[in-house]
1. Which of the peptides 473-486, 205-218, 435-448, 71-84 is most tightly packed, and how do the rest follow, going by the mean number of other Cβ atoms within 10 Å of each residue?
2. Which FRET efficiency, nearest 0.05, do Arg340 and Thr211 yield, Cβ-Cβ r, R0 25 Å?
3. Pairs of Cα atoms under 8 Å, at least six residues apart: use those to get the relative contact order of the chain, whole percent.
4. Name the residue from Met480, Ile395, Leu64 whose Cα lies farthest towards the positive end of the charge dipole of the chain, charges +1 on Cβ of Lys and Arg and -1 on Cβ of Asp and Glu.
5. Between region 323-387 and region 513-588, how many Å separate their Cα centres?
6. I need to check one value: relative contact order of region 361-479, counting alpha carbon pairs closer than 8 Å and at least 6 residues apart, in percent.
7. Which shape class, rounded, prolate or oblate, goes with region 363-432 when its Cα gyration tensor gives a ≥ b ≥ c as root eigenvalues, a/c under 1.5 marks rounded, and past that a/b bigger than b/c marks prolate?
8. Where Lys and Arg each count +1 and Asp and Glu each count -1, what net charge lies around Arg145 among other residues with Cβ under 14 Å from its Cβ?
Amino acid sequence: PPATPARLADGVPMPRESPALARVIAHMEPGRRFFEIHAVEGGSAAFAISTAEEAGRLTRIVGLGRARKGEPPPGDEAEAALARARAAGAEALVAQHRDAWAARWADADIEVDGDLELQRGLRFALYHLISSADPDSDLASVGARGLTGPGYRGHVFWDTEVFLLPFYAWTHPASARALLAYRYRTLDAARARAAALGYRGALFAWESADTGEDVTPPFGIMPDGVKMPILTGEQEHHIAADVAWAVWRYWEISGDDAFLAEKGAEIMLETARFWASRARRGDDGRFHIERVIGPDEYHETIDDNAFTNVLARWNIERAAELPGILARIDPDAWPAVSRRLGLADDELKAWLEVANGLVDGFDPKTKLFEQFAGFFGLEDVKAVDIAERPFAGDIVLGRERTDRAQMVKQADVLMLVHMLPEILEPGVAEVNYAYYEPRTSHGSSLSPAIHGALAARVGQLEDAVAYTRMAAALDLANGMGNASQGVHVATMGGLWQAMAVGFGGVAAVGSSLRIDPVLPPGWTRLRFPIRWRGSRVVVEVEDRRLALELDGPAEVRLGTRGEPRRLGAGRYRATRRGDGWSTPEVDR
Ligand code: IFM
């Protein structure tokens, strides 16, 4: 730092080659404003400072390039980017940046009238969601704390596919596609992991980084210094079906047949193959998946987790539909993929036998799923009666008691209800929500938003608003007490789902876009844009009125029982009729 900081008059040229990374300190004292520039790393960048009496401006132009692991640093690419940027000039760069943000914002912004605090939390979340994914590269996915902090060392969990991907698939399909392409790039590592554990097919890493090998740490150090083994990497196998679920949802929402044929089908088939080898036929003649951890990580080494088994069954069933689907996309696609994977003629049939025989813990009389074998026999502890939620159930009850109690960390059976509503008979969502919601401590930040989404779908609007607000405030109010580790980006994706899927009621139902919005008391308007198979659709609900704006054709169903209707580009209106909607009419 200069001993006596020099004041630069307007327009004084700065050296062309200045440090690329610098710490800039602005001093503002009455009547005096100046900057110190501390170089912290060499490089090439241009600085220009002008310090008029009232305002100062510093411009730093940086060129970036990227290299795959093992490749030389991408110096030329960065230099070329820098040259282009310099030629354009700072003003033009700022204008381009603003335009790019405005475009992304227009495709993502959710407006809610009647709850300013929620609106603020939403915008904070959307900002992080938009900036976390790279639509142009399969090199990296989104880590559990996005780009904001060291928590979980940037590792990629199911958070990306299950909590974030719906946001991208519905608002910016290119980002969703890139995230799935990252998983596709790690498919060989997933195959190797399945093989190392004695299974077939592909098991993605529970914690994934650049190569796709599992990088879950084997133990953690507790606050009292005790070393605790971490079993999630060994046992949280549902990740295989989570990735398959994301592939399928992306395909349904985007209609991206090329992706399905080129990459998605291979992921669906290899994960289905994994499940068929992972399940074991028991003495009862049924298939079981033993020694797993489900989303509720308080209970380890459990058998027949309903979430895992139902998703595994669903994964196999969807994979078995692929020969027919790919044949319609491109007659060469199925022969090519089945040759690539060495699929034997009767392999899919054998997988389906496993799927049909898999136990799922569902009792048709009560309509309840048992979270895992023996769960209902555990001590019946209701988190809601113990402490104000969210709280860490395992710390409050102690690890041993938690292990023997119906103390749920995060949506588990309810996660299944949220992810696969289409396979459930009427009433199942309501009954399971009523059972599991009071028993959940929300010890994971992933839990509240999903409860918000589900509560909205089952008509528990007070809960829906409370959970959605809890999710929206999670980082801004440091609700988990660990904001210094970075934002909880999965919560943010869950928050988007609470708004658009929960309150907005959007879903892919076959070839139609279903929209079934519900406004809780206190909200006077909800508006959000989505993308559906190439068209942009803006949904706006006010009181009992629904307005839709389409920039291209879409097959739309209003309400859960509405008939599908092919709508062209234009504006439409409908009004609430009982628990459904009138036929959409052109709004002139
Ligand atoms: O993936 C989650 C998990 O479900 C709960 N613990 C934190 C992980 C990373 O967010």
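1. Ranked from most to least packed, the peptides come out as 435-448, 205-218, 473-486, 71-84.
2. Once the sixth-power term is evaluated, E becomes 0.75.
3. Dividing the mean separation by the residue count of the chain yields 11 percent.
4. It is Leu64.
5. Centre-to-centre (Cα) distance: 32 Å.
6. This gives 25 percent for region 361-479.
7. Cα axes put region 363-432 in the prolate bin.
8. Net local charge, Arg145 excluded: -2.
Coordinate-derived values only; no laboratory data. Model, not experiment: these values are computed from the prediction. Neighbour counts run over all protein chains shown; Cβ positions are idealised from the backbone, glycine included.
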